[in-house]
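Heads up, the thing below is written out as structure tokens.
The values are calculated or read from the model by the stated rules, or taken from the named source; none is laboratory data. Predicted model only: the values in this text are computed from it and were never measured. Positions of Cβ are generated from backbone atoms using ideal geometry, with glycine treated the same way; all protein chains shown enter the neighbour counts.
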Amino acid sequence: MTTSNKQLSDWIAQVAELTQPDRIQWCDGSDAENDQLVELMVADGTLEVLNQETHPNCYLHRSDPSDVARVEHLTFVCTSHRDDAGPNNHWMAPAEAHAKMDELFRGCMRGRTMYVVPYLMGPYGSPYSRAGVEITDSPYVVANMRIMTRMGQKALAHIEATGTFVKGLHSVGDLNPDRRFIMHFPEELTIKSFGSGYGGNALLGKKCHALRIASYQARTEGWLAEHMLILGIEDPTGNTTYVAAAFPSACGKTNLAMLQPPAEFKGWKVWTVGDDIAWLNVGPDGRLYAINPEAGFFGVAPGTSTKTNANCMATLGRNTIYTNVAVTPDGKPWWEGMDGERPNELIDWKGREWDEENGPAAHPNSRFTVSAAQCPTYSAQANAPEGVPISALIFGGRRAALAPLVFEALDWEHGVFTAAACASETTAAAVGEVGKVRRDPMAMQPFCGYNFADYWRHWLSFAEKSDNLPKVYHVNWFRKNAQGKFLWPGFGDNMRVLKWIVDRCQGSTEAVRTPIGNLPAAGAVDVNTLKMDERVMDELLSVHPDLWNAEMKHIEEYFNNYGDRLPEALKAQLKRITDELKAQQAA
Ligand code: TSX
Ligand code: MN
């Protein structure tokens, strides 16, 4: 492969001059190329061959034990003006960041191959798709990018036709955590990532490009790049309603994206369009249309089983790259929360014989990389160039006592407020205190490539672009009773909440107006076969004014971090809800 795009060929030459690779290899994403890379990685121990009889074309990669997750404290947004990055990002001046990174990259590919990976985010032929080129010295990154993006000649053709692409430069360096940085230059559509081989830090098409750079690009171009799953809900008449949903980590986004409806929902089907990222554009009819910029799933393995996500289990097991899972003596991948008994013997994620004293056998953030096309519920519309029309945007979080199972925003402005005020309580899986409230607006806290205040203003501006926007919802699968037990069964039974949302979109079910939004009327969420006590449903749908008053104070404190840049509309929503809660308490 070569290119007629001078900007691209100049950049490749510049990077080669800086990093001094032994050789340069253009990547076309072909099977032959992948076979060559896999052979090389098996030979040098980067990949371990799994049981090819039970798990054809599956491999295990063990990352450096110090390199197993995204590194937010080492992730920077480098805009000319500090305020453009906002209090939600670490900032460094672009010139300083370039100088720092170029020193790290200098000569770092000596003795290595420099891979040039052209990729497309989004369906071929879509006006909403965007291209990038990742230059990396990691064959593991190339193999993962091949699954996660549309990689190769067609992506290059897109670059040559449009003349624009995101430049991503990556090197694993020496994996020294002190020499590890993930730098974003949104004004230059450039990413520089050094010192990590881990997914979110190294597969630059995903979080770095499709969220941080794309969110910035989306603001200037009038669209939205969001941390959302996309799914289609088909009713028994064959009509499909599409929704997009944003949740902080550890809320089960991939599980919701692949939901299996309960048996009593005869004729209902859920179709998966995406599990992590949505690009949303206003279409010709004023509706929001979503594409999934990705082509694969890079999902957390632990907790995935036929009980929690049967469709995901059916997706895995062939043509899958596993990272940091455990392995059985007969070469099968294994993780905590998988079906069946724990095998007596295991090799843990560090490659040692597993011993309970050393903690879990699979790393809690261990992953699978697999093509979305293998998912039994993969939507026939997932490759539609025009995207799918979104009827509802759903936001959520883990709230033990506060948020009801579901509520509907009163209008777009209130929806933006609700999304901006989203928060989640930390679990044992996350680092730090358990049960601490973390604000995570639109589930974008780690991923918004610019100042959140400007981002909320951009969201609000869609009301001027269209009067045909989706309805906005908030859900909470994680409400607990006084004894600390989950009140809602979750998983497939979330279909009952999705059905209420679909009914609302079609105007066929009633709601009760409260200060925080519209709640389902009594009996409107179909819990038919759940044998659920009426009082449990009452508690799930209750709004406690004292708790919500305290929440409004927290939200106000949080919003104050954004000073004068905070849109007036969000302050007005805060005041309206506070006033209504007070009036309700006084009554
Ligand atoms: O993914 C989850 N979802 C969404 C599913 C479509 N999880 C797992 C979260 C960690 C990634 C959930 N956990 C959900 C949920 O809706 N709900 C819960 C809480 C819960 C856990 C267990 C039970 C009920 C609720 N019940 C039993 O274990 C029997
Ligand atoms: Mn994510």
- Message: Among the residues of the range 16-33, what is the count of those that are in contact (Cβ under 8 Å) with a residue 40 or more places away in the chain and surrounded by fewer than 19 Cβ atoms within 10 Å (Cβ to Cβ)?
- Response: 10
- Item | Extreme residue, surrounded by the fewest Cβ atoms within 10 Å (Cβ to Cβ), among residues of the range 188-207 that are in a loop (DSSP other than H, G, I, E, B) and either out of contact with any Leu (no Cβ under 9 Å at 6 or more places or on another chain) or not small (Gly, Ala, Ser) (or both) | 189
- Message: I'm trying to understand the selection: among the residues of the range 85-99, which are in contact with a Gly (Cβ under 9 Å, 6 or more places away or on another chain) and under 21 Å from residue 221 (Cα atoms)?
- Response: 85
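Rundown of residues vs (1) part of a strand (DSSP E or B); (2) closer than 27 Å to residue 186 by Cβ, yes/no style:
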position: 392; (1), (2): yes, no
position: 398; (1), (2): no, no
position: 446; (1), (2): no, yes
position: 462; (1), (2): no, yes
position: 478; (1), (2): no, no
- Note on the structure: Filter the range 446-485 for residues that are touching a helix residue (DSSP H, G or I) at 6+ places or on another chain (Cβ under 8 Å) and of a type in the set (Gly, Ala, Ser); the one that is nearest to ligand 1 (Cβ to nearest atom) is 449
- Could you tell me whether any residue of the range 167-175 is away from ligand 1 (no atom under 16 Å from the Cβ), within 15 Å of the chain's Cα centre (by Cα) and surrounded by fewer than 24 Cβ atoms within 10 Å (Cβ to Cβ)? no
- Task: Report yes if residue 171 is assigned by TED's automatic domain parsing to the domain that holds residue 137, away from ligand 2 (no atom under 15 Å from the Cβ) and within 29 Å of residue 128 (Cβ to Cβ), otherwise no.
- Result: no
- Selected residue [of a type in the set (A, V, I, L, M, F, W, C) and closer than 24 Å to residue 234 by Cα] from 532, 495: 495
- Message: Can you report the number of residues in the range 325-334 which are over 12 Å from residue 49 (Cα atoms) and surrounded by fewer than 24 Cβ atoms within 10 Å (Cβ to Cβ)?
- Response: 3
- Query: Residues 403, 420: which one is within 30 Å of residue 462 (Cα to Cα), of a type in the set (Gly, Ala, Ser) and in contact with a Phe, Trp or Tyr (Cβ under 6 Å, 6 or more places away or on another chain)?
  - Reply: 420
- Hey, residue 63 touching a residue at least 40 places away in the same chain (Cβ under 8 Å), within 29 Å of the chain's Cα centre (by Cα) and either within 15 Å of residue 137 (Cα to Cα) or not in a helix (DSSP H, G or I) (or both) or not: yes
- Query: What are the residues in the range 327-341 that are under 19 Å from residue 428 (Cβ atoms) and of a type outside the set (Phe, Trp, Tyr), if any?
  - Reply: 336, 337, 338
- Message: Being surrounded by 21 or more Cβ atoms within 10 Å (Cβ to Cβ), of a type in the set (Val, Ile, Thr) and either touching a strand residue (DSSP E or B) at 6+ places or on another chain (Cβ under 9 Å) or touching a residue at least 40 places away in the same chain (Cβ under 8 Å) (or both) narrows it down to one residue among 117, 49; which is it?
- Response: 117
- Query: What single numbered condition from (1) surrounded by 13 or more Cβ atoms within 10 Å (Cβ to Cβ); (2) of a type in the set (A, V, I, L, M); (3) outside any helix (DSSP H, G or I) fails to hold for residue 497?
  - Reply: (3)
- Task: Check the range 550-570 and report whether any residue there is touching an Asp or Glu at 6+ places or on another chain (Cβ under 6 Å), in the same structural domain as residue 233 (by TED's automatic domain parsing) and away from ligand 1 (no atom under 16 Å from the Cβ).
- Result: yes
- Query: Is one or more of the residues making up the range 500-519 buried (at least 18 other Cβ atoms within 10 Å of the Cβ), more than 14 Å from residue 407 (Cα to Cα) and either more than 32 Å from the chain's Cα centre (by Cα) or among the β-branched types (Val, Ile, Thr) (or both)?
  - Reply: no
- Taking the condition away from ligand 2 (no atom under 16 Å from the Cβ), among the acidic types (Asp, Glu) and either touching an Asp or Glu at 6+ places or on another chain (Cβ under 7 Å) or within 24 Å of residue 489 (Cβ to Cβ) (or both), does residue 336 pass? yes
- Query: Could you say whether any residue in the range 295-305 is modelled with pLDDT of 95 or more, within 12 Å of ligand 1 (Cβ to nearest atom) and touching a Cys at 6+ places or on another chain (Cβ under 6 Å)?
  - Reply: yes
- Does residue 502 satisfy the criteria of being closer than 17 Å to residue 236 by Cα and β-branched (Val, Ile, Thr)? yes
- Of the residues in the range 342-399 that are within 16 Å of the chain's Cα centre (by Cα) and surrounded by fewer than 21 Cβ atoms within 10 Å (Cβ to Cβ), the one that is farthest from residue 315 (Cα to Cα) is 365
- If we keep only residues of the range 306-315 that are crowded, with 22+ Cβ neighbours inside 10 Å and farther than 10 Å from residue 260 by Cα, then the residue farthest from ligand 1 (Cβ to nearest atom) is 315
- Task: Report yes if residue 432 is away from ligand 1 (no atom under 16 Å from the Cβ), surrounded by 22 or more Cβ atoms within 10 Å (Cβ to Cβ), assigned by TED's automatic domain parsing to the domain that holds residue 283 and in a loop (DSSP other than H, G, I, E, B), otherwise no.
- Result: no
